[in-house]
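Below is one structure, written out as structure tokens; comments come after it.
The values are calculated or read from the model by the stated rules, or taken from the named source; none is laboratory data. This one's a predicted model, so the numbers in the text were calculated from it and none came from an experiment. Glycine gets a Cβ as well: all are built from the backbone with ideal geometry, and neighbour counts include every protein chain shown.
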Amino acid sequence: MRHTESDLRQFLTEFGQDPAGGEPSAHLDAIVRRGRRIRRTRRALTAGAAMAVAVTAAGLVNGLPAGPPRADKTSVAQRPADSAQVDPGPKLPASFPVVLGAEKFDLPLAYSQRFATMGVGRTVIFTPTSFSTGYKVVCDDPQAWVVIEGRGKGGEPSGTAGRCKTPVGGHHDQLSAPTDWLKHPQSLQIWVFPADASIFEAAKAVKDCKPTLKSKGCDENTVSSALRLPEVRERLSAEVGERPGNWAVGVYDRPAGAE
Amino acid sequence: MDDGFAEYVAQRHLRLCRTAYLLARDWGTAEDLVQTALAKAWVAWRRIEGNPDPYVYRIIVNTHASWWRRRWRGEVPAESIPETADPRDPAAEVADQAAMWSAIGTLSPRQRAVVVLHYFEGRTLTQVADIVGCSLGAVKGQLSRALIRLRVDPDIQAMNLERVQR
């Protein structure tokens, strides 16, 4: 060996000196200014990333893959974008046919929201642009059960329930929409239960599955009606839990000022 | 926000600059490196528990490696001519040190960091591993390769390090 470790140590000590003899001085103000700049940049990046994640996770673009929103959380629906579909989830119809007596027209899709789990309640918020507002739920499994709850003319609960293949949805017009329909954002509460959920047992346990005018005994019409009861839904949600299952809700509306 | 940061800077700035100089081999770059590291440390100062040295050194090492990767290295100016100095030359001692300095400059950033932290800063290899963020075995490997490289470097082989000792 030509040299030892202590040689190297001594060499580094000697060379680690400023050859000019002047010692570099610390500029605390400059360091702190630089630190503040780094912090601002990081915060801006974090905010930008969070916004990007939020936009993606919202998954409100019709046909785009959506991260599963958390159970029993409110989701704000967004306008569908003109982008290519990349998610093979259930496809929402582009329009909602309306027949009001002799009047027939189609409502275009205004908002949509996709979900990847079922068994829990969801709240979808949207801003109507007219009194003619329709909504429809589509599912990967047409046999899944769907319950939609909204508000009626006087603010009373109003909704529908049934197998997803029906399809399940509804429509407001000038006579049925709440008076404040256009004054602020509105919401729909939606539950989708698996096809094999114990709907009949839950309905019987809560309501004794009493026949309705449309039903003969305890049939699907009866349990559909029973699903409108919060106790039945709560019992089912507790029993089923949150499980995978794609479904989507579309809100159809006339463009603002079209009425 | 202070919480001892100003005191830390006042006490450790010079030492940090010297370490950074051995890594970067340029005083201007070294001061910039230290200022960058201290600015990053200032951002996280309240989250640093205990001795901030390992944290600050880690920033210096990583930042230097980052800068080194971005720097163009197609042509590296040398402080000494490649010819071997005559050991009997009165100027051989200075030439030897320059050769050693040049040889250290040929080490990779990670190898240089290990050498500087261990031999200049006096850190144990375990502490070095913590600072550079790799296993003790990896540090030993880096150090071993660095020492071998220094010893087999043509400039080093020609120099007379015994004369460097004072």
So how many residues does the stretch B:32-49 have that are touching a Ser or Thr at 6+ places or on another chain (Cβ under 8 Å), hydrophobic (A, V, I, L, M, F, W, C) and facing chain A (nearest Cβ under 10 Å)?
1
Checking B:A113, B:A103, B:A98 in turn, the sole residue that is part of a helix (DSSP H, G or I), away from every other protein chain (no Cβ under 11 Å), at pLDDT 55 or above and within 30 Å of B:K140 (Cβ to Cβ) turns out to be B:A113
Which numbered condition trips up B:I131, out of (1) more than 10 Å from every other protein chain (Cβ to nearest Cβ); (2) at pLDDT 90 or above; (3) not in a helix (DSSP H, G or I)?
(3)
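When you scan the stretch B:21-36, how many residues do you find that are of a type in the set (V, I, T) and modelled with pLDDT under 90?
Count: 1.
Let's see how each residue does on (1) touching a Cys at 6+ places or on another chain (Cβ under 8 Å); (2) modelled with pLDDT of 75 or more; (3) over 17 Å from A:R163 (Cβ atoms):
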| position | (1), (2), (3) |
| --- | --- |
| A:I190 | no, yes, no |
| A:D196 | no, yes, no |
| A:K207 | no, no, yes |
| A:P211 | yes, no, yes |
| A:S215 | no, no, no |
| A:D219 | no, yes, no |
| A:A226 | yes, yes, no |
| A:V232 | no, yes, no |
Within the stretch A:102-128, residues buried (at least 18 other Cβ atoms within 10 Å of the Cβ) and over 19 Å from the mean Cα position of the chain (by Cα) come out as A:L107
Taking the stretch B:1-31 and keeping only residues that are at the interface with chain A (Cβ under 7 Å from one of its Cβ atoms), of a type in the set (A, V, I, L, M, F, W, C), free of Cβ contacts under 8 Å to residues at least 24 places away in the same chain and touching a Phe, Trp or Tyr at 6+ places or on another chain (Cβ under 9 Å), one is left with B:C17, B:W27
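Just to check your reading of the model, which residue among B:R18, B:R46 is more than 12 Å from the chain's Cα centre (by Cα), modelled with pLDDT of 70 or more and assigned to a helix (DSSP H, G or I)?
Working: B:R18 fails: more than 12 Å from the chain's Cα centre (by Cα).
Going through B:R18, B:R46 in turn, the sole match is B:R46.
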For the condition surrounded by 14 or more Cβ atoms within 10 Å (Cβ to Cβ) and either modelled with pLDDT of 75 or more or outside any helix (DSSP H, G or I) (or both), what is the one hit in A:A20, A:A26?
A:A26
Which of the residues belonging to the stretch B:1-22 are surrounded by fewer than 22 Cβ atoms within 10 Å (Cβ to Cβ) and among the polar types (S, T, N, Q)?
B:Q11
Does B:Q157 satisfy being outside any helix (DSSP H, G or I), closer than 13 Å to A:H3 by Cα and modelled with pLDDT under 90?
no
For the stretch A:94-101, does any single residue satisfy the condition of being more than 15 Å from the chain's Cα centre (by Cα), buried (at least 19 other Cβ atoms within 10 Å of the Cβ) and either modelled with pLDDT of 90 or more or more than 30 Å from A:R235 (Cβ to Cβ) (or both)?
yes
